[in-house]
Structure formats: structure tokens, C-alpha cells
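The values are calculated or read from the model by the stated rules, or taken from the named source; none is laboratory data. Computed from a predicted structure; not experimentally measured. FYI the Cβ positions are ideal-geometry reconstructions off the backbone, even for glycines, and counts take in every protein chain you see. The accessibility values were calculated without ligands, DNA or RNA, using every heavy atom of the protein model including side chains. Shrake-Rupley method; radii C 1.70, N 1.55, O 1.52, S 1.80 Å.
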Amino acid sequence: MKVHFILRYRTRMGEACLVSLGTDAPQMLSYLNEDLWHGVFEVKPGKDSVLRYQYYFQNAQGERTAEWERERVLDLSDAKVAYQEVVDYWNPTGAIENTFLTQPFHDIFNPPPAEVARKASKQAFTHVFKVKAPLLSATQAVCLLGHGLALRNWDTAAPIVLKREGNWWVARINLAEEDFPLGYKYGVWDTSSNQFLGFEEGANRTLYAPSAGQQNQRTTLHDGFIRLPNDTWKGAGVAIPVFSLRSQNSWGIGEFTDMHLLADWAKSVGMKMIQLLPVNDTTATHTWVDSYPYSAITAFGLHPIFLNVEQTAGKKHAAILKPYLKKKKELNALDAVDYEAVLQMKWDIIRQLYDLMKADWRKDKNYADYYATNRHWLAPYATFCWLRDLNGTAEFSLWAQHATYEAAEVEALLQPGTESADQIGLHLFVQWHLHLQLRAATDYCHQQGLAVKGDIPIGISRHSCDAWMAPELYNMDQQAGAPPDDFAEKGQNWGFPTYNWERMKQDGFAWWEQRFEQMSLYFDAFRIDHILGFFRIWSIPLDAVEGILGQFVPAIPVTAQELRAAGIGFNYDRLCKPFINEQIVLQTFGEDANWVAEHCLQATKGGFQLRPEFDTQRKVEQYFRSQKPGERTERLQNGLFSLISNVVLLTDAGATEDRWSGAFRFSMEKTSSFQYLPDEVKGPLRSLYIDYFFRRQDDFWQKQAMEKLPALKRSTNMLICGEDLGMVPHCVPDVMNELGILSLEIQRMPKASGSTFFHPKDAPYRSVVTPSTHDMSTLRGWWEENRELSQRFFNEILGYHGTAPYFCEPWVNRAIIQQHMQSPAMWSIFQLQDLLGSDGALRRENPHDERINIPAIAKHYWRYRMHLSLEDLMAAERFNADLKAMVLSR
């Protein structure tokens, strides 16, 4: 059979379009005009009598991009048809309509009808019309009208009503007796009242005569999306970590099973989404330090602390819970999570349950299927946990045996009948039951019409199973973090190794694809934590403690040659080493200046240098760990950290003084090293600094992102939301729009230069607006932090005259929530604490107890918990009615 492909896609000189047929390599199409490409190919139908194909675009540099459309299927089952013509519209990844075919919309909000085998048409047809309309309601259908008798002569009382087949609306029509060209248009038909509701927007579509001289031919029109307003759908959601949930039956912490009650409440107030923080296992030390949900020891396994042991035990083994019921009640009554006590209690119970149940649970066929599907990560993870506990540390380089991962050794340890296999089985048992409970929870959310949004951390713990299995995927000699900002003056050091993107690219980002596939078992959407890391990451050397000593990687470096050309010159010792003189030591250490000079510094000509035992922040940190803790110790340590970071330039790894390249230290002008430079040097340095951070990198960083994000987006149908906060390169919004990734818009973190606040009314449609996140104070807490700012906000953003209330009164809180509800953004998502702030009777007394995380504190204890139970929240009729009215106003 011959197929004539016609693609509507506007190109420029030097660009081209291609088509791949089945699994064949893409073949070049021929240029017809600036809007059309075409080609005729001999094709053979597959076993299911269809041809699957896809288009590609090739730019002037020869780089190829696949279109987003995944459902180009041509029916070749009719043996009488010898020639087919197919007319397609290119489907760009960033088309807004594609958002409404992602998992939340396709599977929950507007699922297609169950697939039924199509019966062969008894009437002959020459043309197949296909169009997508993802935003129609359940009582609406696409209809078709046009010129000629077969297209009903534009009679809106009797249009052709299309049938939905998957994501396409389809009509098969015989146009053999019609005169071409034909004008036609799609419209909307109300199936409940049998009324025509209106035509799509824009000019008539045009159908030209089929290719001349062909017998027994058929034309298929893939007309893309119906032209209807695509920014009308809006939803609201609630954000809360699982550990923060509280029910009357909780075991001192929120659990997956508590999501059922949360879903009941969210549905009752009209919400469409529940957003969670990461739920992966973070157990590295078995202490409260592991409460940090972004430092996972596995990108795949779930955290045992979220297991509902009561449900796991069932009635059969309920007796073993009795000795713990008093402790359960005590822990559940606490204002905040006691992480260590909860974890210890649960592991005591889990071990007993495992001993009682291990003879039977492996026999479950569902478990066997689960293990077979997840073996690639599950077997190494369970073994890693066993080795961690056996060696008393997750730092695998310190293990006496198995410090280097070997798949064959893991297999041997898991050999049935061995003691190691029995002990490792404990962790397999836990993951199986966590999987069952989380799947049941998310399935229940779906039944209530709710999508569940997860969170993908930008990093993994350097003492994780992932790093143990494949250290080559990570730069283990670097630490990821963030540059200084208003929330963290010295930057942030997250401690994670950075990604070795070049190595990941070699296998097509397989680890990321597996990660997304695993996440899609439970979640419909996800937030990419620090999406800027896909453009460039703030990379900090291992010998640094503070984020201030990091630099963006990759980046186009500044060179000694540039510095000389700018008239600055290049003095390695002066610009790249800590600048320390007597005045700086006195200003930094005051009465301790003499002690520091004597113990930590060496005199040089005109100043000081650090002694070798104090010349990195890690060495300083190690020294003061052995000293008596107190205010003086902290002051001395921080002062030495400051001296070490008192540089203008940072040197690239591998660079030498003779062939130097590197980066500017962030906030260079705040350093005393810069301030002591001559004025004639400061000006050129400022210019190069601005060029380095804000000009030269943009195209380079865009290319870096486009090497990774398109492939990752294509690997999943979850809705992707990017956390694009901080120092955002100019290219980021363009890339996110091109790829259809939702942005995050926060009122107190405006992206426009020079703005103090962002107004929700100015949000782009494809975005998520929120008044606060887990990394910030809540609305009420923020209101009290800066009186001047809250006064300006009261007058400028809320539009009230006069003096702002000292506290964020319920009516003020409600006004801010209402602003976000009225935003044009697709999603408005709120921390539960901010929603409760609108009710004086329900909200917590002290707003500062509502904060989840303080980014400036490297080892923050993540222990926030709802102060009222989900049952009490469900019973708060007045609050819920008021909230529902706001939600429905969207």
C-alpha cells in the first residue's frame, strides 16, 4: 500500500521535516511550500493492521526533535484501499491542550470511554475526520459541518456528531460525490439537549481534492485540537506532607492510610489535587536527622515510617499491638512528630510482624509480580538496608564487605534458605506493604476525583543505595546547593552529589526513566524540585561547608586572559586566595582576634594566610567539633568560614595559575577582598561579574536543559510542574513553555526584576500559584516578620487603605486566599496551614509553629504536624462551607 503523508508545519530556510514509519529510522519529507511537507512511501501493515508513525523536525544545524504526538495511527485493515492520503498538523510539545491529556486529566478528570473494538463500517467512506477536544464535558461531543450535502450544508440543527475513540473524536464520511475544495468546521453539540452550542474559533478549515489519478483511495485528516478556548479549566489543591497528617488513629505521625480521610475532606470542599512532599526512605542514621525528606537513600523505595502497622497486622496479628497502644496514644497527642520514638516503635512492631508473617507473604502471587517488576531496585535496596544496619552506617565506603556494589554478590545474599536472605527479606516485606497502602490511598483519591501530586528531589544522598549501585552517575566529589538569597545569606549546601549528566546521557537517562515510571505507580503529577538544576547546578567542593563557595556547573568560565584584556590584570594570590589583613581579623573576631592570629593564621608580607590545618571550611568544622560547644565556638567557626570565603574568584578544577579559568564568587562586592581593591579595578570587575552571571551563560544553559528535559518529559505522562524559584536564568521560562511544564508563582517571591510582590492576577495560565511553600513561613508567620513589608502588601496588593493589622487577622488571610482563587493560573494550591488561617477558631495559636522547614538551617528537624485531626477538620462545617465557596469561585 502507498501512503501519501502531508504535514502542516511552517519552516524556514535550512530546516526540514521527517517521518518515521513503525520502528524504521526517520525518512526525509519533501518541501511543498513554507507550510507543507509531504512524501509518498510504500508501507506494510503490522500484525494489528495499523501503521504507527511519528514526525520529526530538523533544524539548520541538523539537530532533530520529535513532535509530542504519540497517537499517530493509520488504519490499513481495508484491503480494498490501495492508496491512502493522511493530512496531519504538527503537535508541539508545549501546546496547552497537551496538558489536558496528561495523567490527571486523562485518567481522573475526563477519562476516555472504555476501548471497544470498532466494527467495520457497513457504509463506504472516503474520508476520516479526527480531532481532539480534551476539555469537553461529559454531555458534550464534537460535531462537524461544512459545504456540500455530505457535510450537511452548515445545518446546525443536524450536524455530524463525531464519536470518541480514545483521545480522538472521529467521523467517517463518504465525500465521493462532493466538489472540492470544501470548507468545514468543528463545533460542540450538547448530547443531553440535542442542541448545537457553537462553532470552533477561527476561519474555516479547507479540504482539498485527493491526489489525482488514484483508485480506491482514502484520506485521513488528523486535525489536531479543536479551536476552543484552552485556558478555562482551573483547579484548586491542598499541600501537606504525609508526616504532618493527624488522625485519631495515627501512630504519632501521618501515614499513607490517613490520605483516605484527607481525600474525603478535599473532595467535600471541591478540590482537585493533593500535593505531598517526597515519601522515599531517608533512613541513614535512624535519628531525627533523617526527617529531611529530600535526602533519600533510595529514589525508589518508600519510607517505613509511613507504614500503618495496624493495617499490616490485621485481625490475625492484632494482639502484638496491645503493648504499644499506650505509647501510640502518647505520641499521637504530641504537638509535633517525635521522629525517633515513632520510628523505633514501628520497627519493633514490624520485626515481630515479619517473624509471624514471613512464612506466607512471599506466596502471594501479587507480591511475586511486584517483586519481578521492581527487582532492579528492590533487591539492591533491601540488601543496602541490611548492610547499613549490619555495619552501623549508611556510609558504604566504610563497610568491611560489599563496599562496592556487585550484582552477583547481592544475588548470593538473597539466595533462598540463607540467613542473609531471611534478614534482607524484612525490608522486602516492608516495601510490599508500603506499596499496597500507598496504592490503596492513591486509588481512593482517584475515586474521589482527586489527582495526587508527588515531589522529585533534585538530589540523592551521597550515602544512598543509588550512589552505592552506580557511583559513576554522580559527581561524588561535589555537593549540590543553591547560591545566597534573601532566605540564606551564605547560600545552601544540600550535601548531595551532583549528577554526571554526560554519563546519564549515554544510556538515554535510563535511571531517570525508571524513577519516573516508579513514581507514576502512585502519582499523577509531580513537582521537579529545583528545576534550575537541569540547566545548571550550584556545585560546591567537598571541602566547603557553606554554599557561598559554590559555582554554577556547567558554565562558560571567566579566564585570566579576559581579566587582563579588561585592564584588571591577574594576580592569583590576590584574587583567588582569601584576603586577610589585621583590620579584617579585628573586625571579624574582636576580642578573639589575637587567639585566631596565633592559632589559625600565619603572617605574610602585608597580612595573613590560613594555616594548613585551617585552610578549608571542612578542616575548621572538624577542629571545632572537638571543642566545647557554645557561643564563642560558634562565633570562631563562623568567622573562619568567612575568612576562607573572602575571595573574588574561584578556581576551576584542573586550572593552574598559568592557564587559569574559573568563576566569580557570588556576592563578590560584599567581600572585604573586593572592597580593598583599587577603584579602577572594581568597575571592570563588576562588568565582568554581571556578564558572567547574567549574560554569557543563557544560550549555553538553554542548550544544557534541552539535552535532558525533552527526553525526560517524553518518558512519562504525568503532569510536570517545575519549582523555578531563586536566581532564574532568562531562558528558563522559554524552555518550560516549549516543553509544557507548569511554573510556580509565589506572591512574596516575584520573578520580575525590581518587584517586591507578585500579584496572582498576573500569573500565566500554565502555572501553579501559592501564597507559601514548605520552605517558607506561612502567611500568618510572614505577616509578622517585617512590619514594613506587610504594610506595603496591605495597601498595594490587597488594596486596603490605612494601617495594616499587626497580626494577619482571619479576614486578611481569607482575602489573600481569595486572590489566589481568582488567579488565571491553572492551579491554585495552598498549604493546609494557610487555609486554616482564615478561621479564627480553627487556626493554630502560634503561627510560627506552623512552619515546616527553614532552608538556612542545614540540619532542620522536619516535624510539623496538624494541630487538629482530620476528623475534626471534616466536622468544621462553617469553615468547609466557606472554603468550598471560594474553591468553586475558580
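Ordered from largest to smallest accessible area (heavy atoms of protein chains, 1.4 Å probe), the residues V768, V50 come out as V50, V768. For the stretch 290-426, the carbon plus sulfur part of the accessible surface works out to 53%, probe radius 1.4 Å. Roughly how many whole Å is it from the C-alpha centroid of the stretch 297-348 to that of the stretch 17-67? About 56 Å separates the Cα centre of the stretch 297-348 from the one of the stretch 17-67. For the pairs K329/K884; K2/K163; K185/K751; K328/K628, flag any whose C-alpha to C-alpha distance is greater than 30 Å. Going by Cα-Cα distance, K329/K884; K185/K751; K328/K628 fall outside the 30 Å limit. Bridgeable aspartates and glutamates around K47 (alpha carbons under 13 Å apart, same-chain partners fewer than 8 residues away excluded): D75. The charge dipole of the stretch 747-890, taken about its Cα centre with unit charges on the Cβ of Lys, Arg, Asp and Glu (plus for the first two, minus for the last two), comes to roughly 400 debye. Applying a length cut-off of 15 Å (Cα extent along the axis) and a mean Kyte-Doolittle floor of -1.0 to the DSSP H helices of the chain leaves 339-357, 365-391, 419-447, 631-644, 679-694, 810-821, 877-888. Ligands, DNA and RNA left out, the 1.4 Å accessible surface of the stretch 21-77 is 49% carbon and sulfur atoms. Across the options W386, A441, S772, the greatest Cα extent toward the positive end of the charge dipole of the chain (unit charges at beta carbon of Lys, Arg, Asp, Glu) belongs to A441. Across the stretch 102-112, coupling constants 3J(HN,Hα) worked out from phi with the 6.51/-1.76/1.60 Karplus curve, θ = phi - 60°, read 6, 3, x, 7, 5, 9, 10, 6, 8, x, x Hz, and Gly and Pro carry x. By a 1.4 Å probe calculation restricted to protein chains, E657 has an accessible surface near 100 Å², given to the nearest 10. Straight-line reach from K365: taking Cα to Cα under 15 Å and skipping same-chain neighbours fewer than 8 places apart, no aspartates and glutamates fall in range. With all protein chains kept in place, the per residue accessible area of the stretch 321-480 amounts to 44 square angstrom at a probe of 1.4 angstrom.
Working ranking of peptides 394-406, 530-542 by packing, defined as the average number of other Cβ atoms within 10 Å per residue, highest first, is 530-542, 394-406. Atom-type composition of the exposed protein surface of the stretch 630-725 places 47 percent of the accessible area on carbon and sulfur (1.4 angstrom probe).
Averaged per residue, what accessible area in Å² does the stretch 254-305 show with a 1.4 Å probe, protein chains only? Intermediate values should be presented prior to the final figure.
Working: 1090 Å² over 52 residues.
Normalised by residue count, the accessible surface of the stretch 254-305 is 21 Å².
If both residues of a DSSP beta bridge must be in the chain, then about 60% of such bridges are antiparallel. Please work out whether the stretch 234-298 counts as rounded, prolate or oblate from its C-alpha gyration tensor, where a ≥ b ≥ c are the square roots of the eigenvalues and a/c under 1.5 means rounded, while otherwise a/b larger than b/c means prolate and anything else oblate? Oblate, since a/c reaches 1.5 and b/c is not below a/b. Solvent-accessible area of W377, all protein chains in place: 10 Å² (probe radius 1.4 Å, heavy atoms, ligands and nucleic acids excluded).
Dipole size in debye (nearest 20) for the chain around its Cα centre, Lys and Arg Cβ +1, Asp and Glu Cβ -1?
Charge dipole of the chain: 1480 debye, to the nearest 20.
Going by average Cβ neighbours within 10 Å, how do the peptides 571-580, 433-442 rank, with the highest at the top?
Top of the packing list down: 433-442, 571-580.
Amide H to amide H, with H built 1.01 Å from N, N475 comes under 5 Å of T498, Y499, N500, counting only residues 5 or more places away or on other chains. The listed peptides 563-569, 292-298, ordered by packing as a protection proxy, come out as 292-298, 563-569 (highest mean of other Cβ atoms within 10 Å first).
What shape does the stretch 450-523 take by its C-alpha gyration tensor, where a ≥ b ≥ c are the square roots of the eigenvalues and a/c under 1.5 counts as rounded, a/b above b/c as prolate, and the rest as oblate? Here the stretch 450-523 falls in the oblate category.
Dipole of the chain computed with +1 at Lys/Arg Cβ and -1 at Asp/Glu Cβ about the Cα centre; of F614, Y689, H599, farthest Cα towards the positive end is Y689. For the stretch 358-510, the square roots a ≥ b ≥ c of the C-alpha gyration tensor eigenvalues yield an a/c of 1.5 or more together with a/b not exceeding b/c, which makes the shape oblate.
Relative contact order for the stretch 615-752 using alpha-carbon pairs under 8 Å, separation at least 6, rounded to a whole percent? Relative contact order for the stretch 615-752 comes out at 14 percent. Cross-linked pairs K619/K708; K132/K234; K577/K682; K80/K132; K322/K358: Cα-Cα separations exceed 26 Å for K619/K708; K80/K132.
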